[in-house]
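A short worksheet on the structure shown next.
The values are calculated or read from the model by the stated rules, or taken from the named source; none is laboratory data. Remember, predicted model here, so these are calculated numbers, not experimental data. Glycine also receives a Cβ, built like all others from the backbone with ideal geometry; neighbour counts cover every protein chain displayed.
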């Protein structure tokens, strides 16, 4: 069954090109889309700049897909991909041990997949992920802050996936409409850190050798 996906940018993208883009995005080289147009609009704008939301249809049947938001994965699987492609500050001993632990037990075989669904590590979520790796944010708080439809992204990773995409139109994204919504969400997330209920920190997970599918995750 065909599904709709949306790409937010400062220009219209009629034909996504395989191999274009930056290799150091959340899940590596690929074409990054949102599942809803309003969230793509938030990604498209800046405080002083409008943008565009390009819409596409894709037939995912037969594609090799990884859904990091699904029940078989957890936030540590998502974080393992960020560690593979994004540049974290690994200068602390805790962060170094955290990377080894996550890579050992939560690595994801993404090499042969066609598309990935996962959470988008914008500046806010990247900061939270760094806090977790440094032992200053509990796993339960990271999970709460990461989860949500506004952060979900659908990424085309292979030629097979790009061949399935067809452009279906575009619409303007206005900064005055979308930027305040995104900024308000960011501020609420930062404020919610003060309401932390505690939980397992990365040092607890390492020392207790917590594995995937542990009920505490």
> Taking residue 133 and the conditions (1) within 13 Å of the chain's Cα centre (by Cα); (2) surrounded by 15 or more Cβ atoms within 10 Å (Cβ to Cβ), which numbered condition does it fall short on, given that it satisfies the others?
Replying inline: (1)
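So that you can scan it fast, the table gives a plain yes or no per residue for (1) closer than 30 Å to residue 176 by Cα; (2) at pLDDT 95 or above; (3) out of contact with any strand residue (DSSP E or B) (no Cβ under 7 Å at 6 or more places or on another chain):
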| site | (1), (2), (3) |
| --- | --- |
| 20 | yes, no, yes |
| 32 | yes, yes, no |
| 46 | yes, no, yes |
| 57 | yes, yes, no |
| 61 | no, no, yes |
| 70 | no, no, yes |
| 104 | no, yes, yes |
> List the pairs whose first member sits in segment 156-182 and is touching a residue at least 40 places away in the same chain (Cβ under 8 Å) and on the phi > 0 side of the Ramachandran plot, whose second member is part of a strand (DSSP E or B) and surrounded by 14 or more Cβ atoms within 10 Å (Cβ to Cβ), and whose Cβ atoms are under 8 Å apart, counting only residues at least 6 apart or on separate chains?
Replying inline: 169/54; 169/55
> Just for helices (runs of 4 or more DSSP H) wholly inside segment 1-111: which have at least 3 residues that are without any contact (Cβ under 8 Å) to a residue 12 or more places away in the chain and over 19 Å from residue 158 (Cβ atoms)?
Replying inline: 93-106
>> Of all residues being loosely packed, with under 14 Cβ neighbours inside 10 Å, part of a loop (DSSP other than H, G, I, E, B) and modelled with pLDDT of 90 or more in segment 160-212, which is farthest from the chain's Cα centre (by Cα)? Just the residue, please.
In response: 208
